[in-house]
Amino acid sequence: MPAQHLLTIYLISFLLFLLPAFGLAKMFEKAGVAKWKAFVPFYNTWMIMKLANRPRHWVFWQAVPIVGWFITISIYIEFVKLFGRFSFGQHAITTFFSPFYFLQLGYSKKVRYIGSENVKRYKKPAWREWADAAVFATIAATLIRSFVFEAYAIPTGSMEKTLLVNDYLFVSKISYGPRVPNTPLAIPFVHNYIPGTSLKSYSELIQLGYIRWFASPVKRGDAVVFNMPAGDTVINKEDFQTARLYYDIKRAAEKGDASSQYILSEPGEYPIAVHPFDKTDNYVKRCTGVAGDNLEIRNGQVYINGNLQAFPPQSQMLYQVITRGQQLDEDIMKEDYGIALSDPGQFTVTGTNTHTMLLTAEAAEKMKKSGLAKEVNLQLDEPKDARYLGILFPYDSLHQWTLDDYGPVWIPKKGATLTLTHENYAIYKRAINVYEHNTLERRNNHFYLNGKEVTSYTFKMDYYWMMGDNRHNSQDSRFLGICTRRQNCRETIDYLVQYR
């Protein structure tokens, strides 16, 4: 954890001690305690626990980052009970407005100190027991969800057969270091919209910068959850969001597509929502390239720095399979090769004894050795296939790449300097402008960064390349571009633990 983050945490802790101290001093006076003790951090809460006859070890738990904030508030609630304040509303005011509430309690002649023995005689109504338990459970679950682990469900087949649709996962927030929520004012247990509505589930009144504690690097080959790079601006309507991206529609409109132009011209019918970077939709992919790598896809195979990378064990791709004319047994195909003959997404007949099958590399090799098929070959896109023009990143006509022949692309590394060229301008423009908060322009064959002419750029952050294991059915970096831990690929980059 960077020292500045630790200092910020403890600064907030000391403010929790000191801001209420002026009212606390008057309350101490009523309780027969020297007023000066209210202004000494930790000692003031020690005195409160002594007066309340409550366990003193609570005081030491206040030193735990973040958790200590809630302990301090709990101690203050115990203190106001000593002055006859037992209601749910009074405890809520103590939680959120203790500096002002303590002044009112301290200076009010009607408020008197009743002592711990009278507090013990008070019995909570049953509904308060339930309400207090619910508040505690919500706070505890929110802390665990934010900093320890979180449950996710897999919505699409982009990671098949490593992760299947409707798989449930526990995602560790510790593996790469827990990230502090950027929008802390949010409805608990809800991501970006209130369920059943198009209303946002969070407030942008308070927005924190990127803060990750005990950060460790993402490793090549890790399966990760991250915030979708192009999800910062979406059309807030069913069947749009990340299914039909705002940026795709905007590019199509700029090229003259009438339907896209209509969508953008009718904000009432097609409202636009802008999300902070921790509230974009969550994606699950595999980190295929890390900062500093040169990545290229040739004939469907990934090369990193010129070295061929093995397919992930359960990664699947489309293969053209030529059989020997025999009848294919549905049970054998399912059990031995993982193919459902009734699923057109996995199996289609394309000619005499010729089929398209969605296979893992292991199943394809097994099929070759079994003698079931005469030929088993990857089904690849034609080079420079016009279907992908303007659809694959970086969306220009210069880079005529396909899903199976892509790159090479250099993945930016923090501190590395890139010479700007007309060939790489489209690849890195969004990263430099949006993720690193600059204005990079190309005018009259020259490049201008924040108004000054430049020939190179030094990156401030590390970037990553994400791809789904289901290579022919995945909306990943080939469509979305490079991702960064800090901004638009605003990862919750966390290690996945499968749970079925």
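The values are calculated or read from the model by the stated rules, or taken from the named source; none is laboratory data. Small disclaimer: the values here were computed from a predicted structure and weren't measured. We place every Cβ from the backbone using ideal geometry, glycine too, and count neighbours over all the protein chains shown. Note: areas computed on protein heavy atoms with side chains; ligands, DNA, RNA excluded. Shrake-Rupley method; radii C 1.70, N 1.55, O 1.52, S 1.80 Å.
Per DSSP H run of n ≥ 4, the term is -39500 (n - 2.57); total these for the chain, divide by its residue number, and report the mean residue ellipticity at 222 nm rounded to 500 deg cm²/dmol.
Rounded to the nearest 500, it is -9000 deg cm²/dmol.
Once label points are set 7 Å from the Cα along Cα→Cβ at both Asn307 and Ile12, what is their separation, rounded to one decimal in nm?
Between Asn307 and Ile12, the simple spin-label model gives 4.2 nm.
How much of the accessible area of region 102-213, probe 1.4 Å, is carbon plus sulfur, in whole percent?
66 percent
What FRET efficiency comes out for Val165 versus Phe22 if R0 is 60 angstrom and r is the Cβ-Cβ distance? Round to the nearest 0.05.
Working from the Cβ atoms, E equals 0.55.
Which loop-located GluC sites (Glu not before Pro) does region 258-332 contain, where loop means any DSSP state but H, G, I, E or B and the Cβ has at most 14 other Cβ atoms within 10 Å?
Numbers: sites: Glu269, Glu296, Glu330; in loops: Glu269.
Answer in residue order: Glu269.
Please report how far the C-alpha centroid of region 378-424 lies from that of region 21-88, rounded to the nearest whole angstrom.
Using only Cα atoms to place each centre, the spacing works out to 61 Å.
Write down the accessible area per residue of the chain in Å², having rolled a 1.4 Å probe over the full set of protein chains.
50 Å²
Thr360: net charge of surrounding residues, Cβ under 10 Å, Lys/Arg +1, Asp/Glu -1, itself excluded?
Once positives and negatives cancel, what remains is -2.
Using θ = phi - 60° and the Karplus form 6.51 cos²θ - 1.76 cosθ + 1.60, what ³J(HN,Hα) does each residue of region 471-479 get, whole Hz, x for Gly and Pro?
Couplings: 4, 8, 9, 8, 8, 9, 4, 5, 9 Hz.
Using the reciprocal of the averaged 1/r over all distinct C-alpha pairs, how large is the Kirkwood radius of region 391-489 in Å?
About 14.2 Å, per the Kirkwood formula over Cα pairs.
List every residue whose amide H lies under 5 Å from the amide H of Ile272, counting only residues 5 or more places away in sequence or on a different chain, with H placed 1.01 Å from N in the peptide plane.
Asn236
Could you run the Karplus curve 6.51 cos²θ - 1.76 cosθ + 1.60 with θ = phi - 60° over region 266-280 and give me ³J(HN,Hα) per residue in whole Hz, x for Gly and Pro?
Running phi through 6.51 cos²θ - 1.76 cosθ + 1.60 with θ = phi - 60° gives 10, x, x, 7, 10, x, 9, 10, 10, 10, x, 6, 9, 10, 6 Hz.
Seen from all sides and averaged, what is the projected area of the convex hull of the Cα atoms in region 300-348, in nm²? Intermediate values should be presented prior to the final figure.
Values: hull surface 18.6 nm².
Its Cα hull, projected and averaged over all orientations, spans 4.6 nm².
Using only the Cα atoms, work out Rg/Rh for region 312-402, with Rh taken as the Kirkwood radius, to two decimals.
We get a ratio of 1.07 for region 312-402.
Obtain the nm distance between the two label points defined at Leu143 and Glu269 by a simple spin-label model: each point lies 7 Å from its Cα along the Cα-to-C-beta direction.
5.1 nm
Applying 1/(1 + (r/R0)^6) with R0 = 30 Å to the Cβ-Cβ distance of Val64 and Phe189, what FRET efficiency is obtained, to the nearest 0.05?
Between Val64 and Phe189 the formula returns 0.85.
If you keep only loop residues by DSSP, which chymotrypsin sites (Phe, Trp or Tyr not before Pro) in region 90-154 have at most 14 other Cβ atoms within 10 Å of their Cβ?
Tyr122
If you bin the C-alpha pair distances of region 35-122 every 10 Å from 0, what whole percents do you get?
16, 52, 30, 2
If R₀ is 30 angstrom, what is the calculated FRET efficiency for the pair Gln327 and Asn377, using the beta carbon separation as r and rounding to 0.05?
Values: r = 22 Å, r/R0 = 0.74.
The value I calculate is 0.85.
Once you treat every alpha carbon in the chain as an equal point and sum by Debye, what is log10 I(q)/I(0) at q = 0.08, 0.10, 0.12 Å⁻¹?
The Debye formula, applied to the Cα set alone, gives -0.67, -0.90, -1.13.
Calculate log10 I(q)/I(0) of region 1-151 for q = 0.13 Å⁻¹, where I(q) comes from the Debye formula with a single equal point scatterer on each Cα and nothing for solvent.
Those come out to -0.62, one per q.
What share of all Cα pairs of region 232-286, in percent, falls into each consecutive 5 Å distance bin?
Spelled out bin by bin, region 232-286 gives 4, 19, 28, 24, 13, 7, 3, 1 percent.
Are there chymotrypsin sites (Phe, Trp or Tyr not before Pro) in region 199-295 that DSSP puts in a loop and that have at most 16 other Cβ atoms within 10 Å, and which ones?
Those that pass, being in a loop and sparsely packed, are Tyr210, Phe214.
Tell me which DSSP H helices of the chain clear both cut-offs, 18 Å or more of axial length from alpha-carbon atoms and a mean Kyte-Doolittle hydropathy of at least -1.0. Write out the running numbers ahead of the final one.
Details: long enough: 3-18 (22 Å, 1.86); 67-81 (22 Å, 1.37); 88-107 (22 Å, 0.52); 126-147 (32 Å, 0.69).
Those that pass (Cα extent of 18 Å or more, hydropathy at least -1.0) are 3-18, 67-81, 88-107, 126-147.
Once amide H atoms are placed 1.01 Å from N in the peptide plane, what residues at a sequence separation of 5 or more from Thr288, or on another chain, have their amide H within under 5 Å of its amide H?
Gly221, Trp465, Met466, Met467
Jot down the radius of gyration and Dmax of region 103-217, Cα atoms only, both in angstrom.
Just the Cα atoms of region 103-217 yield Rg and Dmax of 21.4, 71 Å.
Stretched out fully, how many nm does the piece from Ala215 to His446 gain, at 0.36 nm a residue minus the Cα gap?
Gain in length upon complete extension: 79.4 nm.
Please list the non-local residues whose amide H lies under 5 Å from the amide H of Ser175, H modeled 1.01 Å from N, same-chain partners needing a gap of 5 or more.
Close amide H contacts, sequence-distant or interchain: Tyr495.
Where Lys and Arg each count +1 and Asp and Glu each count -1, what net charge lies around Phe86 among other residues with Cβ under 9 Å from its Cβ?
Computed value for this residue: +4.
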